[in-house]
Amino acid sequence: MLDFFTIFSKGGLVLWCFQGVRGPAATAPVNALIRSVLLQERGGNNSFTHEALTLKYKLDNQFELVFVVGFQKILTLTYVDKLIDDVHKEFRDKYRNEFQQKGALGLLNGTFDFKDDFMRLLRDAEESSKVRAPTVMKTFEQSLKSQKTVKCMIETRGEKPKEKVKNKKNKGSKKDGTEAVAAPSKASAGDKQLSAVGDKEELTKDEILQKNREEFFRRHMKAGEKSRSPKPDAQKEKGKKPRVWDLGNSNAKVLDYSNSATNGSAEACPVEEFDPDMALGDKNREPGRLYDLEYESDDEAEEEKVVQNPSKPSVKKGGLGGMFGMLKGLVGSKSLTREDMDPVLEKMKDHLIAKNVAAEIAVQLCESVAKKLEGKVMGTFTTVTSTVKQALQEALVQILQPQRRVDVLRDVMDAQRHRRPYVVTFCGVNGVGKSTNLAKAGQDPGSQRWGDGISFWLIENGFSVLIAACDTFRAGAVEQLRTHTRRLNALHPPESHGGRTMVQLYEKGYGKDAAGIAMEAISYARNQGFDVVLVDTAGRMQDNAPLMTALAKLIAVNAPDLVLFVGEALVGNEAVDQLVKFNKALADHSMAQTPRLIDGIVLTKFDTIDDKVGAAISMTYITSKPIVFVGTGQTYCDLRSLNAKAVVAALMKA
C-alpha cells in the first residue's frame, strides 16, 4: 500500500529507504518536499501533495533527521500517522548511541539495517487499523424518537404544548419568589402581574394580541416623549464652493480635456509646465537604480524576560539555591518541548496578527517553528523566548526570499535580443494603485510631489515603453494614463533620446474588449520597436466571476512575460483571499494545460503602514512568489525592491 518510506538527515544524506513494489522513485517527490516545504519554512502541516502522491513527514530536531512516507493520494490509509511515529521512535532508540558518540561521522560511516524492524512495525500498524470496528449507525429502537408516541407529537391548533406551559409557570413562580425575597415592598406589583396573567388566560388569542400591541405602543410613546428635547435651530449651510489647489489652474477651460482629439498621441499632447526637481524628489539619486527598502530599527539590546515560576519567594530566601536555579534554567541542559514553547508561540502569534499578518498565516508560521524546534537541545545561556524568536526571524526571512528572483531588466534585454517587446500585465482589485504605480499621474497637493512609477524606472534604464489602456470600464482611466504619458514625456523629451519617443499610450476608448486591445498594442509595439509593453487592466473583486473570466482570457490570449498582482500593504486577512481566488480564477478559466498564474507582486502604499508590514508576509507565504516592487512614497524615485531583513526587523519590533 505504501509507495516508499525514507529516512534522511537534514544535510541531505539518505540513511535508509524502503521502496514499494510498484511505486515510483522517491527522488522527485522528496526533492519537491524539500524545496517547497522544508527550505521555505512551511512545516505547519505535516502533509504534502506532489502530483499523484501524498507525502507525510516527521522531523527529529535532536538528531537532525527527517522521516518521509509516500502513498497514492486516492487512498485513505488511517495507519500512516501511527506508522511514522512508531518508526521514528524505533529508529531513534536503536541508533541513539551511534548518533551521540560519533555525530556526523556516524551518519557517514554507519550502516542502518532497519528493514526487519520496519516490516514488523508496518504489519502491526496495518493490523491495528483492521482491529478497529467500523462505526455502526443506531437503529430506530435505540433513538429517542422511538420513545415518543404518535399522540404526544400531535398538536391541535390554538393550544400550547403542556411542557412549555409548565415551564413558563415554573419560571414565573421562581421570579415571584426571588422578587419576594429581594424586595418585599414590590409584592403588590407582583400580585397585579399575576392577576393580569390570569385575565390573559381567560381572553381569546386575538384579544391578547391586541392588548399586547396597545401596551407596546403606549410604552414606546411615553419613552419617545421623555427622550425629546428642544434642538437649537440649525445654522443655514453655505453654498458649495469648489476647492482651489495651490498649484492648480483656476481656469476651467484649461483643465477640460473632454474635447481632446489627440487620442494619446505624444506629439499632439500639450507639454505641461512643472518643476522637474519636485517631480524627481531626491536630487542625489543614481538614475535608473532601484534602491532596496530600508528600515531604521533601534539597535538597543532587548533584555529577555525569563518567566518566573511560582517558587519566586524561595529564590530570595536561599541565595545559592536561587542562583543555581537560575543558571539551571539558562544552561542548555534539556531539549525543548511543546509545553515550553506554547506560551511564547501564543504571544508571537498575537504579535504577528497585530502587525497585519493574516491570522491563518500566523498560526501556520508558529506551528512550523514549533515543529522545527521540538526536541532540539537549547544552547548554553539561552532562554526559550530568544530561541523561538530567533527561529521565527529565520523563517520569516526565508519566506520573503523568493525561490526564483525576478530580474525585469535582464528579461527585457533578453527580449530585445529576440526582437520582441517584453509584456507585463498588471492585475488586482479596485483602488490598489495599478494605474498609479504603472506611472504616477497627478500631484499630491499636500506634499507637492509626484508619484513613483515603473514606467519612469524603465525609461531611466534606457527602455522605451508603450502603455496599453485596457481598463475600458472605469471612467477616467484612459485620461489618467494620458496624463501619465504627458508627464513622462516632459521629464524625458524625445530631444534627450535622439528624437525617440520613450513613452506612448495605446488606447481604443471605452467599452471595448480588453484582450483585443492588449493584442493590438503588443503587435503595434513589435512593429514600432518598443522595448516594453505595460498592460493596465480594470480593477475587479476576486468574487466577480465574469470579470475574472475576462482577465483569464486576456492573459491566456496574449501570454505576457510577467503577470504582476498589485496589492496594497494595508490589507490583512483579505490579502490571502485575494491572491488565492485570483490564482484559482486564472487556473480555472485558462485554456492551456499548464495555466499561467501570478508571477510576482507589487506592494503599494508601503509608506502608510509604519511597522505593520504583515501583508508582505501573507502575500509571499500564500503564493511563494516574490515581491518585485514596493511603492514607498509620492515621487518618481520612491520605487524600491524588497529587503527581507528590513521587513522582518520592522515586523519583530515590539
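When 51, 41 are checked against the criterion of being open to solvent by 40 Å² or more (accessible area, probe 1.4 Å) and of a type in the set (Asp, Glu), a single residue qualifies: 51. Do we find that residue 368 is closer than 30 Å to residue 542 by Cα, in contact with a helix residue (DSSP H, G or I) (Cβ under 8 Å, 6 or more places away or on another chain) and not assigned by the TED database to the domain that holds residue 532 in this structure? For residue 368, the condition - closer than 30 Å to residue 542 by Cα, in contact with a helix residue (DSSP H, G or I) (Cβ under 8 Å, 6 or more places away or on another chain) and not assigned by the TED database to the domain that holds residue 532 - is met. Residues in region 339-385 that are on the phi > 0 side of the Ramachandran plot and hydrophobic (A, V, I, L, M, F, W, C): 381 only. The selection criterion, being among the polar types (S, T, N, Q), open to solvent by less than 60 Å² (accessible area, probe 1.4 Å) and part of a helix (DSSP H, G or I), does not hold for residue 382.
Checked against (1) surrounded by fewer than 17 Cβ atoms within 10 Å (Cβ to Cβ); (2) more than 21 Å from residue 60 (Cα to Cα), residue 425 passes all but a single condition, namely (1).
Counting only strands (runs of 3 or more DSSP E) that fall entirely inside region 477-595 and contain at least 1 residues that are in contact (Cβ under 8 Å) with a residue 12 or more places away in the chain and open to solvent by 60 Å² or more (accessible area, probe 1.4 Å), no element qualifies. State yes or no: is residue 618 touching a residue at least 60 places away in the same chain (Cβ under 8 Å), open to solvent by 10 Å² or more (accessible area, probe 1.4 Å) and among the polar types (S, T, N, Q)? Against the criterion (touching a residue at least 60 places away in the same chain (Cβ under 8 Å), open to solvent by 10 Å² or more (accessible area, probe 1.4 Å) and among the polar types (S, T, N, Q)), residue 618 does not qualify.
Across region 50-64, a minimum of one residue is classified as closer than 25 Å to residue 113 by Cβ, touching a residue at least 40 places away in the same chain (Cβ under 8 Å) and assigned to a strand (DSSP E or B).
Residues satisfying the criterion are absent from region 408-418 (criterion: at pLDDT 90 or above and in contact with a Ser or Thr (Cβ under 6 Å, 6 or more places away or on another chain)).
Here residue 608 meets each of (1) without any contact (Cβ under 8 Å) to a residue 24 or more places away in the chain; (2) open to solvent by 50 Å² or more (accessible area, probe 1.4 Å) with one exception, condition (1). Number of residues in region 596-605 that are open to solvent by 60 Å² or more (accessible area, probe 1.4 Å) and either within 13 Å of residue 647 (Cβ to Cβ) or assigned to a helix (DSSP H, G or I) (or both): the value is 0.
Residue count for region 451-476 under the criterion of being open to solvent by 20 Å² or more (accessible area, probe 1.4 Å) and either part of a helix (DSSP H, G or I) or farther than 23 Å from residue 540 by Cβ (or both): the result is 4.
For region 70-103, the set of residues classified as more than 22 Å from residue 371 (Cβ to Cβ), touching a Gly at 6+ places or on another chain (Cβ under 9 Å) and modelled with pLDDT of 85 or more consists of 72 only.
The values are calculated or read from the model by the stated rules, or taken from the named source; none is laboratory data. From a predicted model like this one, the values you see are computed outputs, not experimental measurements. Glycine gets a Cβ as well: all are built from the backbone with ideal geometry, and neighbour counts include every protein chain shown. Side chains are part of the model used for accessible areas, which takes the heavy atoms of the whole protein and leaves out ligands, DNA and RNA. Shrake-Rupley method; radii C 1.70, N 1.55, O 1.52, S 1.80 Å.
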